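Notes for the one structure printed next.
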Amino acid sequence: MDTTADLLFLNEEVALRINPFSEGEYLVIQTHPQEKSLKVSKRSFDYESAKKYCELENLGHDYATFELRIFHDGNLWTVDASGNRRRISQQQDWKVAPQYLEAIHDNDNHGEIIVCFCSYPYFHGVTAQISGSGEVVEFWHSVTCLVDDHGREIHSCPNCHISLVDELDDDSDDFYQQITQPAVCIGCANYHGQEYAEELLICAIHPYGWDGVSCPDFTESDNNKLDKTVK
Ligand SMILES: [Zn+2]
């Protein structure tokens with residue numbers, strides 16, 4: 001007899017999240033904006049249908065980007081134009097250890113899970129220590145929080161190696177120097193431009209950028225808003 005849990009697997013939404021991925025399975029995943037856990041829109045063993053679905057998702061969403069991945073040997077991989085495995089994906093099905101998920105709901109814990117631009121989640125929290133003069137000194141630091149790798153203090157993202165210190169430091173230009181903005185995108189509100197070791201996401205509308213002198217989707221950016229975000 002079917003239990004309630006068995007019936008849940010018949011619901012596609014639930015099955016997308018619960019059923020383990022299989023070797024050679026294609027996954028259409030949301031790569032922007034990043035979420036705390038992998039957002040899978042479609043699973044299929046058929047490359048053409050997965051690719052088609054991915055294209056439609058990108059056309060149907062103005063503020064989200066979807067990409068195709070293939071599951072191999074426990075990891076997500078990017079695919080080439082024929083659907084063959086290319087290289088290991090920045091986005092993976094990261095599993096955050098339960099104690100960190102509990103910690104973010106605990107108001108006394110002063111910690112949060114931050115998702116790197118590359119999809120990697122880490123824990124940014126405060127630790128209290130007693131100084132030599134007996135005072136309680138609190139300091140913030142970032143630690144790994146995955147089930148199979150947690151509690152390690154980190155200063156850069158273990159996945160894409162971007163500096164986490166610079167990201168949080170207003171005085172440093174290093175973080176912004178890692179961003180390369182095409183001339184056609186300067187001043188455009190849609191520009192995202194986060195460079196990964198693997199790929200550069202220009203914007204949600206044209207993930208690989210616009211190949212011309214003027215982009216049809218150019219939207220004047222609100223400079224005041226931009227200043228608030230950067231500072
Ligand atoms: Zn990263």
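The values are calculated or read from the model by the stated rules, or taken from the named source; none is laboratory data. Since we're looking at a predicted model, the values are computed, not measured. Every residue, glycine among them, receives a Cβ derived from its backbone with ideal geometry; neighbour counts consider all protein chains shown. To get the accessible areas, we keep the full protein, side chains included, count just its heavy atoms, and leave off ligands, DNA and RNA. Shrake-Rupley method; radii C 1.70, N 1.55, O 1.52, S 1.80 Å.
Taking amide H positions as modeled 1.01 Å from N, with prolines and chain starts lacking one, the residues under 5 Å from C145 and 5 or more places away or on another chain are F123, G151. Using the Karplus relation 6.51 cos²θ - 1.76 cosθ + 1.60 with θ = phi - 60°, the per-residue 3J(HN,Hα) values for the range 144-149 come to 5, 9, 7, 3, 9, 7 Hz, with x marking Gly and Pro. Under 5 Å from the amide H of D93 lie the amide H atoms of L76, each residue being 5 or more positions distant or on a separate chain, with H modelled from the backbone and absent for Pro and chain starts. Highest mean first, the peptides 75-84, 114-123 sorted by other C-beta atoms within 10 Å per residue fall in the order 114-123, 75-84. Annotation: extensible slack from Q99 through D46 equals 15.3 nm (criterion: 0.36 nm per residue apart, minus Cα-Cα distance).
Taking the accessible area of the range 90-169, probe 1.4 Å, and keeping the other protein chains in place, the carbon and sulfur fraction comes to 50%. Under 5 Å from the amide H of S41 lie the amide H atoms of V28, I29, Q30, each residue being 5 or more positions distant or on a separate chain, with H modelled from the backbone and absent for Pro and chain starts. Applying both filters, DSSP loop and at most 15 other Cβ atoms within 10 Å, to the GluC sites (Glu not before Pro) of the range 95-145 gives E135.
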